[in-house]
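Notes follow once the structure below has been shown.
What follows draws every value from the coordinates through simple rules; no lab data is involved. Since this is a predicted model, take the numbers as computed values, not measurements. Note that each Cβ is placed from the backbone with ideal geometry, even for glycine, and that neighbours are counted across all protein chains shown.
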Amino acid sequence: MSHAAALQRAREALEGLSVGDAFGQCFFQPPERSDPWLMQRIAPPGPWPYTDDTQMSLSVLEALAGGAGIECDALARSLARHYDYDRAYGPSMHRVLARIEAGEDWREVAASSFGGTGSYGNGAAMRAAPVGAYFRDDLDAVVEQATRSAQVTHLHPEGIAGAVAVAVAAAHASRCRQRGQRPAHAEFLAAVIEQLPQSEVRSKLARAQALERVASLDQAIALLGNGTLISAQDTVPYALWCCAQSLDDYPAALWLAADAGGDRDTLCAIVGGVVACFVGAQGIPVDWLERREVLPLWPFAALAPI
């Protein structure tokens, strides 16, 4: 595997993820402002600030740039060092990253979350697409590295399963792009389900696989969730359903994700990262890229322009 080529794939996933994140965040504005954008499919006016979804994914890209895979201690330090209060982190993540930055071991911090069960939030899943893009040629490595990327903040099996699902989806999307073949809805989700342990994330993805056609979007939301609960199992199934529906059309996939309501920035971050692995950077509308807040330079030192 060429490190340079793998890193460029991860960069494309990050671009898709960050545009999706910033796009989704626009729809937390008052309904009288944002509803017409949704109904008329009008891209919101810029600039589009990004959230913690992108901020934490930048640390993942930095970790991948080292070439040795995800080194958990280094990733935990980077997540804490680049913590930015104004990026709309979840309540528990403020505490987790503050404790790591203060010198506590990430293993103890992550294990102590939620009464010792570990977090099953969607925060590990939202940053996993670059991992899948990087390791796409080795699915065992995708699973292992996505697990490692999750564990520094999300030790609950569902939180890890969500990250693995998104990483595998990104890897499969990238492999299909390489073959020049757009997978069918059920085939795409089957490739993800095959790599997952028994979990609620897996069970709900099996439901998603059977939902190639729906009478209304409400049906898919009722069965799969829309991120309102901020959990992996309430977010990842719908996000990957959107990917399976519109893998070859980045704007269509993002509008479908935003239509669900709920945790729109994270839904759109997951969808954008995975779909970008299939359509490439050229599949992201140029005006959307221009509206997204400019990304910082620190993770990109080892990358050529895309």
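Using a 10 Å cut-off on Cβ atoms, rank the peptides 124-136, 195-207 from the highest mean neighbour count down. Before the final figure, lay out the partial values.
Numbers: 124-136: 32.6, 195-207: 18.6.
For the peptides 124-136, 195-207, the packing ranking is 124-136, 195-207.
Let me have the 222 nm mean residue ellipticity of the chain computed from DSSP H runs of 4+ only, each contributing -39500 (n - 2.57), with the sum over all residues rounded to the nearest 500. Walk me through the numbers before you get to the answer.
On the way: 16 runs with 194 residues, N = 306.
It lands at -19500 deg cm²/dmol.
So, R0 is 35 Å and r is the distance between the beta-carbons of residue 249 and residue 77; what FRET efficiency does that work out to, to 0.05? Don't skip to the end; give the middle numbers.
Numbers: r = 38 Å, r/R0 = 1.09.
That gives a FRET efficiency of 0.35.
Find how many whole Å separate the alpha carbon centroid of the range 233-253 from the alpha carbon centroid of the range 132-192.
Distance between centres, Cα-based: 14 Å.
For residue 51, what charge total do you get from the other residues with a beta carbon under 14 Å from its beta carbon, if Lys and Arg give +1 and Asp and Glu give -1?
Values: positive: 87, 127, 264, 292; negative: 21, 52, 53, 84, 86, 263, 265, 293.
So the environment of residue 51 carries a net charge of -4.
Counting Lys +1, Arg +1, Asp -1, Glu -1, what net charge surrounds residue 163 among other residues with beta carbon under 12 Å of its beta carbon? Provide the component values of the computation, followed by the final result.
Values: positive: 127, 148; negative: 144, 158.
Summing Lys and Arg as +1 and Asp and Glu as -1 gives 0.
For the ranges 7-17, 173-183, 249-259, what's the packing order if you count other beta-carbon atoms within 10 Å of each residue, average per peptide, and put the highest first?
Details: 7-17: 27.3, 173-183: 16.7, 249-259: 22.3.
My ranking of the peptides, most packed first, is 7-17, 249-259, 173-183.
Taking the number of other C-beta atoms within 10 Å as the exposure measure, put 234, 287 in order starting with the fewest. If you can, show how the numbers build up before the last one.
Details: 234 24, 287 9.
So the ranking, lowest neighbour count to highest, is 287, 234.
Take the chain, connect every pair of alpha-carbon atoms lying under 10 Å apart with a spring to form a Gaussian network, then pick out the residue of 237, 36, 157 with the largest mean-square fluctuation.
Evaluated over the chain, the most mobile residue of the options is 36.
Find out how many positive minus negative residues lie around residue 226, taking Lys and Arg as positive, Asp and Glu as negative, among other residues whose Cβ is under 11 Å from that of residue 226. Display every interim value, and only then the final one.
Details: positive: 264; negative: 218, 234, 259, 263.
That sum, taken over residues with Cβ under 11 Å, equals -3.
Using Cα-Cα distances under 8 Å and only pairs 6 or more residues apart, what relative contact order does the chain have, in percent? Spell out each step's value before the answer.
Values: 609 pairs, mean separation 82.3, N = 306.
This gives 27 percent for the chain.
Sorted by mean Cβ packing within 10 Å, highest first, what order do the peptides 147-154, 22-29, 77-84 take? Each step should come with its number before you reach the end.
Values: 147-154: 25.4, 22-29: 21.9, 77-84: 18.5.
Packing order, densest peptide first, comes out as 147-154, 22-29, 77-84.
Which number comes out as Rg/Rh for the range 3-300 once both Rg and the Kirkwood Rh are worked out on C-alpha atoms? Don't skip to the end; give the middle numbers.
Values: Rg = 17.1 Å, Rh = 18.3 Å.
Rg/Rh for the range 3-300 comes to 0.93.
Roughly how big is the chain's charge dipole about its Cα centre, with Cβ charges of +1 (Lys, Arg) and -1 (Asp, Glu), in debye to the nearest 20? Present the calculation step by step, with values, prior to reporting the outcome.
On the way: 24 positive and 35 negative charges, 74 e Å.
In debye, rounded to 20, the chain gives about 360.
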